[in-house]
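Structure first, then comments.
The values are calculated or read from the model by the stated rules, or taken from the named source; none is laboratory data. Just so it is clear, the structure is predicted and the values come from calculations on it, not from any experiment. Here the Cβ positions follow ideal geometry from the backbone for every residue, glycine too, while neighbour counts run over all protein chains shown.
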Amino acid sequence: MESWSLLGFGARGWGPALLAGAGMTLLVSAAGLLVGAVIGSLVAYAKIRRRPWQAALATGYTTVFRGVPELLVVYFVYFGSSALLTDLAHLFGAAGFYGVPSFAAGALAVGAISGAYQAEVYRGAFGAVAKGEIEAARAVGMSPALAFRRVIAPQVLRFAIPGLGNLWQVALKDSSLISVTGLVELMRISEAGTGSTRQPFPFYLAAGGLYLALAAVSDRAFASAEARATRGLRRVSGAA
């Protein structure tokens, strides 16, 4: 039982540290998902427009980031961005090494990975929007920007919610890879506790439990969001 007391909130307990690590995991995953949303939207737009050079770049991006191992992407973003920042600093006369903060590098890495998958989610969601509604928006004189804001974007988001829920779960798991950059998230705390106490099983079991708890709460939140987004559709379907 002494080993399990290490997970408590007493003087020797690692409970607060594990919860703080879970909070950091949540933050970096959320930041990564938001970065991925921006990237994915731009890539999906490039594919939908079907201009050859834009579509080629977008396809190349999704192919690379969906085909390369996630850990390699984390290393590439962390060390590559730090090397770029150092070179830029040297151009302005600074000396030494300048590293990108682990949180920023982690959010960018998770966002780059998530963006490649989100692009396909948004592209598929756009394909599900009824073409008649887009034509009707044009017929009543809506500008492309207004039609996108009032007609296209709300429906794309509605159709994309299930896919985004899956990608959020993936982002939560991918965040564990960011521990290699030194970010003190849940996996990093678990490794630190294991190294300090020589008791790996309680810490890794606790980490697994916290990941599952985050996933379960997130799954419930996305299910609720999907139910609210499709509430009007269900009423129309029932009336029909």
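Worth a mention:
- Residues in segment 6-17 that are part of a helix (DSSP H, G or I) and surrounded by 13 or more Cβ atoms within 10 Å (Cβ to Cβ): 2 in all.
- Across segment 92-114, the qualifying residues are those that are closer than 18 Å to Thr25 by Cα and either in contact with a Pro (Cβ under 7 Å, 6 or more places away or on another chain) or of a type outside the set (A, V, I, L, M, F, W, C) (or both), and the one among them that is surrounded by the fewest Cβ atoms within 10 Å (Cβ to Cβ) is Pro101.
- Of the residues Ala20, Ala46, the single one that is without any contact (Cβ under 8 Å) to a residue 40 or more places away in the chain and part of a helix (DSSP H, G or I) is Ala46.
- Test result for Phe103, in contact (Cβ under 8 Å) with a residue 12 or more places away in the chain and of a type outside the set (D, E, K, R): yes
- Within segment 131-240, helices (runs of 4 or more DSSP H) holding 1 or more residues that are closer than 14 Å to Ser29 by Cβ and either free of Cβ contacts under 8 Å to residues at least 40 places away in the same chain or under 20 Å from the mean Cα position of the chain (by Cα) (or both): 153-174, 186-197, 200-229
- Of the numbered criteria (1) part of a helix (DSSP H, G or I); (2) loosely packed, with under 14 Cβ neighbours inside 10 Å; (3) not acidic (Asp, Glu), the one Ala89 fails is (2).
- Single condition Ala153 does not satisfy, out of (1) closer than 30 Å to Ala104 by Cα; (2) aliphatic (A, V, I, L, M); (3) in contact with a helix residue (DSSP H, G or I) (Cβ under 9 Å, 6 or more places away or on another chain): (3)
- Within segment 49-74, the set of residues being among the basic types (Lys, Arg) and either at pLDDT 95 or above or assigned to a helix (DSSP H, G or I) (or both) comprises Arg49, Arg66.
- Residue that is under 15 Å from the mean Cα position of the chain (by Cα) and of a type in the set (Gly, Ala, Ser), where the choices are Ala44, Ala30: Ala30
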